[in-house]
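Data first, discussion second: the structure below is written as structure tokens.
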Amino acid sequence: MGIVSKSFLNRQNAEELVLGNQILGKVFQDYDQYSRYKARRYTPTLALLVFETFATIEQDYSFLYTFIGYLVFDCLIGNTDRHHENWGIIVNGGIKIAPTFDHASGLASKVNEQEAQERLATKDKGRCIEYFCQKAKSAFWKDSKQLRTIEVCQEIQDFGKRNSRVEKTLKEWIEKISQISKIDLERILDKIPKELGFQEYQKCFILKFLEINTSRLKELIKRD
């Protein structure tokens, strides 16, 4: 099985996608843009600095606003694959931030029906869904440590101490997520064709998964 996705590039206008690793390699001379795994120089701060610069040059805050939204969304869905080739900008004379893409590792995609049922019922703290949510790691690093998705949002929060607009944006995205109802989420999940193997315990697991991650994000800005 696979998917077919419509390209977000307008080829008639000669649009090109420039990936994050290429951008970071040009902006920071000591950045290894060709590293494939465990790029320890790949930090949230570096990426945020890039988009802060774009926002300043283009006088368009949407660069930074949208990118922060990507990272908050990653925490919500447990996306562990936001490496430096999974974001970028679209170039055609001017520049704009690319839509978010490649979320295949999100929404507990590797949890099958049997595991979902077990994790929902277990009393083992190391096996429960809460622990599953907490251990989700991102592709970002800091101080030779691979960050969890919630820690990436904490890094955004720290970045916001020198840029109050960033702090405000983080809160706005988390508040938007908080307003999504369980009914809305159920409607989205109900659209997944049953022939793809998506079953009842998996649906329950994902709904609980999203509820927990939403609470974790809300707690982050509550503590601030």
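Conditions tested, residue by residue: (1) of a type in the set (Phe, Trp, Tyr); (2) open to solvent by less than 40 Å² (accessible area, probe 1.4 Å); (3) touching a strand residue (DSSP E or B) at 6+ places or on another chain (Cβ under 9 Å).
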site	(1), (2), (3)
GLU15	no, yes, yes
GLY20	no, yes, yes
ARG40	no, no, yes
GLU52	no, yes, no
ASP60	no, no, yes
LEU71	no, yes, yes
For residues that are touching a residue at least 40 places away in the same chain (Cβ under 8 Å) and more than 13 Å from the chain's Cα centre (by Cα), scanning just the range 135-153, find the one that is surrounded by the fewest Cβ atoms within 10 Å (Cβ to Cβ). SER144
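Do we have LEU46 as in a helix (DSSP H, G or I), open to solvent by 10 Å² or more (accessible area, probe 1.4 Å) and either of a type outside the set (Asp, Glu) or touching a residue at least 24 places away in the same chain (Cβ under 8 Å) (or both) here?
Details: in a helix (DSSP H, G or I): yes; open to solvent by 10 Å² or more (accessible area, probe 1.4 Å): yes; either of a type outside the set (Asp, Glu) or touching a residue at least 24 places away in the same chain (Cβ under 8 Å) (or both): yes.
Yes; evaluated as a whole, the condition is true for this residue.
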Please verify whether PHE198 is free of Cβ contacts under 8 Å to residues at least 40 places away in the same chain and surrounded by 12 or more Cβ atoms within 10 Å (Cβ to Cβ), treating the condition exactly as stated. yes
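Would you mind finding the one in LEU76, LEU107 that is more than 15 Å from PHE140 (Cα to Cα) and surrounded by 20 or more Cβ atoms within 10 Å (Cβ to Cβ)? Show your work before the answer.
Details: LEU107 fails: surrounded by 20 or more Cβ atoms within 10 Å (Cβ to Cβ).
Exactly one residue qualifies, and that residue is LEU76.
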What's the total number of residues in the range 22-38 that are open to solvent by less than 40 Å² (accessible area, probe 1.4 Å), touching a helix residue (DSSP H, G or I) at 6+ places or on another chain (Cβ under 7 Å) and more than 14 Å from GLY88 (Cα to Cα)? 1
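The values are calculated or read from the model by the stated rules, or taken from the named source; none is laboratory data. Keep in mind that this is a model prediction, so the values were computed, not measured. Every residue, glycine as well, gets a Cβ built from its backbone with ideal geometry; the counts of neighbours run over all protein chains shown. Surface accessibility is based on the protein's heavy atoms, side chains included, excluding ligands, DNA and RNA. Shrake-Rupley method; radii C 1.70, N 1.55, O 1.52, S 1.80 Å.
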